[in-house]
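Everything on this sheet refers to the single structure shown next.
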Amino acid sequence: MTFKLLILLHLLGSATWIGGHVVVVGVIVPAAKRARSVARIVEFERSFGPIGLAALLVQVGSGIGLAHHWIPDVRAALIAPTLVVYLLAAKLALLTTIIALAAHAHHRILPGLTAERIPSFAAHAWLTTLLSVGLLVVGATIRLGGWT
Ligand code: HEM
């Protein structure tokens, strides 16, 4: 029951996080470029920011619970790593990169964002979206046990 609940939370968080970023790269950034104004980006970041952060926290919390389900004995798993261990390591590497990108955007790009710097923001948003889809694919691979 707990495992099933964790899966539901993980899927809900995933849909919210990735869906929000698809809206940014597919709707908000093109509109901002057309209007040569950062207003829509700033407005969206202000309203979606707390939702996105909550979704990311749900991912980390439920992800840790799911990882414990797959790897109940961490020491044994590190001595004789299975495919799941490598896939989880890949997830953690992707997550770390995403958090670094988000922190950089939050502290360096968004404050004082100008129309000229929209392409830089867009590149960040695209990279975050692609890496997040990578997290989804790697996560699904855990359940599927590989692709062969
Ligand atoms: C934005 C971040 C993340 C996204 C978008 C994401 C997405 C996903 C998706 C879509 C699945 C497939 C679920 C299924 O097969 O039903 C999955 C599985 C999984 N994820 Fe994540 N994940 C994220 C972060 C994390 C983190 C931080 C951890 C670990 C600390 C983690 C651990 C797992 C595990 C263990 C599974 C396998 C669950 C299972 O199918 O039994 N995930 N993830």
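The table below gives the values:
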{"read-out": "Square roots of five times the Cα gyration tensor eigenvalues for the stretch 1-69, Å", "value": "32, 10, 7"}
{"read-out": "Globularity ratio of the stretch 2-144, using Cα Rg and 2.2 N^0.38 Å", "value": "1.18"}
{"read-out": "With Cα atoms, 0 to 90° folded angle of helix 118-144 axis to the chain main axis", "value": "20 degrees"}
{"read-out": "Whole-number percent relative contact order across the stretch 2-144, with pairs defined as alpha carbons under 8 Å at least 6 apart", "value": "35 percent"}
{"read-out": "Accessible carbon and sulfur surface of the chain relative to its total accessible area, %, 1.4 Å", "value": "72 percent"}
{"read-out": "GNM top mover of 98, 79, 118 - the chain, alpha-carbon springs below 10 Å", "value": "79"}
{"read-out": "Helix 39-70 axis, angle to the chain major axis (alpha carbon atoms, nearest 10°)", "value": "0 degrees"}
{"read-out": "Max mean-square fluctuation residue, GNM over the chain, Cα-Cα springs under 10 Å, options 84, 137, 60", "value": "137"}
{"read-out": "Between helix 83-104 and the chain: long-axis angle, C-alpha atoms, 0 to 90°, nearest 10", "value": "20 degrees"}
{"read-out": "Net charge of Cβ neighbours under 13 Å - reference residue 11; Lys, Arg +1; Asp, Glu -1", "value": "+2"}
{"read-out": "Net charge contributed by nearby residues that have their C-beta within less than 14 Å of residue 63 (K/R +1, D/E -1)", "value": "+2"}
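The values are calculated or read from the model by the stated rules, or taken from the named source; none is laboratory data. Bear in mind that the values here come from a model prediction, so they are computed numbers and not experimental data. Cβ sites come from the backbone with ideal geometry, for glycine too, and all protein chains shown count toward neighbours. Heads up: the accessible areas ignore ligands, DNA and RNA and are worked out on the full protein's heavy atoms, side chains in. Shrake-Rupley method; radii C 1.70, N 1.55, O 1.52, S 1.80 Å.
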